[in-house]
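What follows is a set of notes on a single structure, which appears directly below.
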Amino acid sequence: MRLLVIGGVAAGLSAAARARRIDPGLEILVLEKGQTISYGACGLPYYVEDRVHSADELIVYTPEYFRKERNISVRTGAAVVEIAHARREVTLENGERIHYDRLVIATGARPACGAIAGADQPHVFRLNTLDDGIRLKRYLVEKKPGRAVVIGGGFIGLEAVDALRRNGLAVTLFGASQHLLRREDAELTSALVAHLQRFGVKTHLGAPVRTIAPDRVDDTPCDLVLIGTGLLPNAEIAFAAGVQKGRTGAIQVDDRMQTNLGGVYAAGDCAETFHLVTGRPAWIPLGTTANKMGRVAGANAAGVRERFGGVVGTCVLSVFGLGIGMSGLSASEARREGFSPVSARIEARAKARYFGGRSTTVELTADQKTGRLLGGVVTGEQGVAGRINVIAAALHHGMAVDEFERLDLAYAPPFSTVWDPLLIAAQQLLRQL
C-alpha cells in the first residue's frame, strides 16, 4: 500500500515520519513543490537579521536523510496540480501521474497579498519560504537599501520590522487593521506602537496599501518593500477534487484529520483545527499546530486510530527585546463568540527587584457567567514564554479563574516574585467577576 503525502515541510514530514514508525512496511512517498524540505521557517527573520549566519542552519533534514534513515522517498520540485480521487492518483505539473492508496494533503499556506499593484517588482519581498529569506538577504548585502516599508502588522510583519531595523534601515510599518498581531486588543496595540517608536519605527495603522511604486509606498519613500499581509490556505487542488471546505475557508477535517473523502487526510496550514475555547473550528497557521496535526494524520493514514484534541492558539514572539505571548481569546473576540467577557490587566515585576526584575504586563480574560478563563496576554522582557504556557495549559483544561488563582507556581528570587504576576492578575480578575 502506498501513502502519498503532498507537502514536505512541517505537517507533511511529521505525517510521513509517524506513519513510518507505525508501519515499517508501508510505501511512503512525499512530494514537495519546492527544492528544500524540513526547514525552520520561523527562523527566517533571524537569518535576515544575521543572528543565523547561513540558510543551511535552518535546514533540519534533507531528502537523502529521509531515504537512508527513515525509508521514506521524498521528491522535490514535484508540484501537484490535480487530485483525481476516483482513480486514486495525482497529476504533477510535468504531466506525470502518481497512484496512491491513502493521501495526506499538507500543502500549507501562501501569502495573502490581496490586490496590491506593483507587488511583483524586484525590490518587493515576502518572508514565507527559505528562498524568500535568501533572496531578501542577498538584496540587503548587494544593494544596501536605506529605507524599508513593511506592509502588514502580524507576526511576519513585526519580526521583519525588527530584522530590517537591525540591518540599519529606516523602517515604516503599514497595517490595514487598527490592531497589531491580528488580536483585537487596543491596549496591546498601543503598547506595541509605543515600543516600535522607541526604536525609530514609524507606524500607520488602518492604512491599507493599494499600490507599490518603484520608489515609494503612498507618500513614504523606500528602497525595499516587504509584504507580510497574512496567509491563505493552499487548498484549491483539494477543493477541486471534492474535499469539503470548512467555515474558515480551509479544509474541513475531523479529529482524526480525515476529510470527507475516504482515505484522504489533511493537516497543517491548509486545514482547519478545533479551538478548545470556542468549541468551534478555527484556522490557526502555526508551525506547532501543523506538526501536531501532521503526526495525527500520519498515524491514522497508517491504520491506527489517533485523535487531535485541538488548540487554544498559543504563540509568542520577540520584537526589539520585548516578548509578547498570547493564548485564547481577547475580550473583543470572546464577545463575538457569544461570551460575556471580563478582563483584568496588571503590571508587576517579573522577578525580584534585587535580581533585576523588570516590569511585565499580564492581561487575563474570563467569562462573567461561568468564571471560566478565556484568554491571556503576557508582555515583557523576562519570563514571557513560561507564563503564557501556564495560561495555555489552564485554557486547555477549561480552568476557572478561581482555580487558576490557586495554582502552586514556583518562586525563587532569580525567577519570580512571591506572588507571580499571573496570580496577581487572577486575583484582580476575581474581584471584577
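Net charge dipole, the range 192-351: roughly 520 debye, given to the nearest 20, about the Cα centre with Cβ charges of +1 for Lys and Arg and -1 for Asp and Glu.
Counted over the range 1-135 with a bin width of 5 Å, the fraction of Cα pairs per bin, in whole percents, is 2, 9, 18, 19, 17, 15, 10, 6, 3, 1, 0.
Here the Karplus relation 6.51 cos²θ - 1.76 cosθ + 1.60, evaluated at θ = phi - 60°, turns the backbone of the range 28-45 into coupling constants of 10, 10, 10, 10, 10, 6, x, 9, 10, 10, 6, 10, x, 4, 5, x, 4, x Hz, with x for every Gly and Pro. Ellipsoid semi-axes for the range 324-432, based on the Cα gyration tensor and the rule √(5λ), read 24, 13, 11 Å when sorted largest first.
Measuring between their Cα centroids, the range 18-83 and the range 173-227 lie 34 Å from each other.
Annotation: amide H-H contacts under 5 Å for Leu374 (H modelled 1.01 Å from N, sequence separation of 5 or more, or interchain): Thr365, Ala366, Asp367. Its Cα gyration tensor gives the range 294-339 an equivalent ellipsoid, and the semi-axes of that ellipsoid, as √(5λ) in whole Å with the largest first, are 31, 19, 5. The HN-Hα couplings worked out from phi for the range 271-285 by the Karplus form 6.51 cos²θ - 1.76 cosθ + 1.60 (θ = phi - 60°) are 10, 6, 10, 10, 8, 6, 7, 7, x, 10, x, 9, 10, 10, x Hz, whole numbers, x standing for Gly and Pro.
For the chain, dividing the convex hull volume of the Cα atoms by the residue count gives 156 Å³ per residue. Simple point charges give the picture: +1 on the Cβ of Lys and Arg, -1 on the Cβ of Asp and Glu, and for the range 124-227 a dipole about the Cα centre of about 320 debye. Relative to its Kirkwood radius, the Cα radius of gyration of the range 226-305 gives an Rg/Rh of 0.97. The phi-based Karplus calculation (6.51 cos²θ - 1.76 cosθ + 1.60; θ = phi - 60°) puts the 3J(HN,Hα) values of the range 128-145 at 10, 10, 4, 4, 4, x, 5, 5, 5, 4, 4, 5, 4, 6, 7, 8, 6, x Hz, whole numbers, x for Gly and Pro. Which translational diffusion coefficient, to the nearest whole µm²/s, is obtained for the range 124-227 from the Stokes-Einstein equation, given a Kirkwood hydrodynamic radius over C-alpha pairs, 10 °C and 1.306 mPa s? D, rounded to a whole number, is 115 µm²/s.
Positive-end ranking of Gln244, Val377, Pro111 along the dipole of the chain, with charges on Cβ about the Cα centre, is headed by Val377. When the inverse distances between all different Cα atoms of the range 368-433 are averaged and flipped, the Kirkwood radius reads 12.4 angstrom. In this structure the amide hydrogen of Ala271, modeled in the peptide plane, comes within under 5 Å of the amide hydrogens of Ile251, none closer than 5 places in sequence on its chain. The H on the amide N of Arg280, modeled in the peptide plane, is under 5 Å from the matching H of His275, each at least 5 residues off or on a different chain.
Please state the charge dipole magnitude for the chain, taken about the Cα centre, from unit charges on C-beta atoms (+1 on K and R, -1 on D and E), reported in debye and rounded to the nearest 20.
On the way: 50 positive and 44 negative charges, 54 e Å.
That gives a dipole near 260 debye.
Lysine pair count for the chain with Cα-Cα distance under 27 Å and sequence separation of 8 or more or different chains is 9.
Read-outs throughout are calculated quantities, based only on the coordinates presented, and are distinct from any laboratory measurement. As the structure is a prediction and not an experimental result, all values here were calculated from the model. Neighbour counts run over all protein chains shown; Cβ positions are idealised from the backbone, glycine included.
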